[in-house]
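Everything below concerns the one structure shown next.
Throughout, read-outs are computed from the coordinates displayed, never taken from laboratory work. The structure displayed is predicted, hence computed values, not measured ones. As a convention, Cβ positions derive from the backbone with ideal geometry for all residues, glycine included, and neighbour counts pool all protein chains shown.
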Amino acid sequence: MTMSAQSAAADDAGADWSQYPAGVRVILENTKPLTQPLADRFPLLLLPAHDCVVQDERLQERIVVDLHKRGVAAFATWQPGKNERDKALADGLRLARIQQKLGLKVCVNANACMYSFNNGDPSTAYVDADGKPFFDKSIPNKIGSPFRLDHRYAAMREQVEFFARGYREAGVPLDFVYGDWEIDGPLEVNHAWDAAKRCTVTREHIPDIDTKFKAFQKAVREKRGDMTKQCYTDPLLSRYPEALVGNYAVYPHNGYRYWYDYFEYPVDHHPHVRHQNAMYREWFDEFPLTGYTFAMPVVYPWSRIYDWYTWADTDYRWFHNMLRIASNAGEHTRQGFSGMPVIAFIHWHTIFQDTQARDTQRFIQFSEEAYRELVWHVTLRGVDALFLWCMSSEYAKEVELLHGAWSQTLRFADFLTYGEPVLFDVPDEPGPVVSAVRWNGQLLVRRTDFGIGHDGPVDIQVAGKTYRVPKTAGKCKIIELNRPHQFRLLDQAN
């Protein structure tokens, strides 16, 4: 679909959105049409855009077009339940045909299709020395032995096959499929190791399970990768080999995970390194085993982050951790999987974990200004697209903030699409943070400062040469690679 920035930015005055689903309305009411073309950039992925499906085909097309004017993708949701799947397929195909007609990406939420291998049946449980089944009480849901799930493969695969087959038979494309498969299947977190050591079946598969956590972690993640590939990616990619298929929190990395999910907590037996109060866990690289075709890091302000670090500049506590996660994925995806997109989940409101009180006096919220800067920096470090997750009560503010920052990056679409990120280090103390992309004989650079006393220029090294970056408060600059002392300061809004 070709749509000029000028026409897309037409005034919304008089537009009638009264028949639109609530999720679509909140997007349209809190964003503006793009003033820069989307070009070859991936659209913005927003959780409320999952609430976009209507039965009326003309109305559906209007919704898709209005979202596209803002650079936002429309989503179909696959529901595999016997009483839901036929309608979900029909809804998805109707939306896909419209997207196909308009030349837009066909995007799908396949999360429900991945639940649940661990369905609570005793046949999926751990088995103790007396032959009695039991589940790991340290993880939500009924998680049992990784090696008692093979009989679940056929049913789980069919949940994906049904939709993949239906789309292929209908002759519609399938461009982007994601899942949020996390609290199911083999897991090594919390006290899973303790539970597994009590299981006779699991012990047979991991002879040194008593003394080697890494052996347990490796076996668990290898099994998880096998389940993913056989039941999720293979059914999709066998029919749509060019599709982008991925899942929450699975991405190439440097061997460490710098965050904990909401249901996880630190345990001493999990090998880790410390940074101030943070415990960064060693993490097995399951990504190559899954068959995924895009990486999906999780860039969230988990409440634990605030107490992990002691810096007076509290914005840097959030910024440091979130940029570290994005940089880890951006750098190592490019090293090991050249050309593969990185699509990051992102969020602004503090996500409170465990029993932590929602104490806004103690947890100082990540500032809007610093969050906008984070969007710039993750984009300059190899994150190709952003996916907003948030609670429905947060939709309006989250959409406004993210869309406002993301839409500004489109000014540099060519740099971001065709260029090469060159800086991935994250300073261990508050100070200047610089990110840069190299393309067409130039560097696109952004510098953001934290703490105090950092007014002077910063030197960066790119391909063996030194380039000086002055303080540029909320602006990008372009440096000519063959003339490092000449640059253009680009006056754009945050």
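Each row is one residue, and each column tells you yes or no for (1) among the β-branched types (Val, Ile, Thr); (2) out of contact with any Leu (no Cβ under 7 Å at 6 or more places or on another chain).
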{"site": "Phe75", "(1), (2)": "no, yes"}
{"site": "Val106", "(1), (2)": "yes, no"}
{"site": "Cys113", "(1), (2)": "no, yes"}
{"site": "Val127", "(1), (2)": "yes, yes"}
{"site": "Phe176", "(1), (2)": "no, no"}
Residue count for region 383-413, restricted to those that are under 29 Å from Asp307 (Cβ atoms), touching a strand residue (DSSP E or B) at 6+ places or on another chain (Cβ under 8 Å) and not in a helix (DSSP H, G or I): 5
Output the residues belonging to region 303-319 that are touching a His at 6+ places or on another chain (Cβ under 9 Å) and not in a loop (DSSP other than H, G, I, E, B). Ile305, Trp308, Phe319
Examine region 72-94 for a residue that is surrounded by fewer than 17 Cβ atoms within 10 Å (Cβ to Cβ), part of a helix (DSSP H, G or I) and of a type in the set (Gly, Ala, Ser), and state whether such a residue exists. yes
The correct count of residues that are assigned to a loop (DSSP other than H, G, I, E, B) and either among the aliphatic types (A, V, I, L, M) or touching a residue at least 12 places away in the same chain (Cβ under 8 Å) (or both) in region 101-130 is 14
Consider Ala74 carefully, then state whether it is closer than 23 Å to Val342 by Cβ, in contact with a Gly (Cβ under 9 Å, 6 or more places away or on another chain), among the small types (Gly, Ala, Ser) and touching a residue at least 24 places away in the same chain (Cβ under 8 Å). no
Is it true that some residue in region 23-32 is in contact with a Gly (Cβ under 8 Å, 6 or more places away or on another chain) and either of a type in the set (A, V, I, L, M) or not in a loop (DSSP other than H, G, I, E, B) (or both)? no
In region 162-188, which residues are among the hydrophobic types (A, V, I, L, M, F, W, C), surrounded by 21 or more Cβ atoms within 10 Å (Cβ to Cβ) and assigned to a loop (DSSP other than H, G, I, E, B)? Leu174, Trp181, Leu187
For region 414-442, name all the residues that are in a helix (DSSP H, G or I) and either touching a helix residue (DSSP H, G or I) at 6+ places or on another chain (Cβ under 9 Å) or hydrophobic (A, V, I, L, M, F, W, C) (or both). Phe415, Leu416
In region 189-204, residues that are surrounded by 15 or more Cβ atoms within 10 Å (Cβ to Cβ), in contact (Cβ under 8 Å) with a residue 24 or more places away in the chain and outside any loop (DSSP other than H, G, I, E, B) total 6
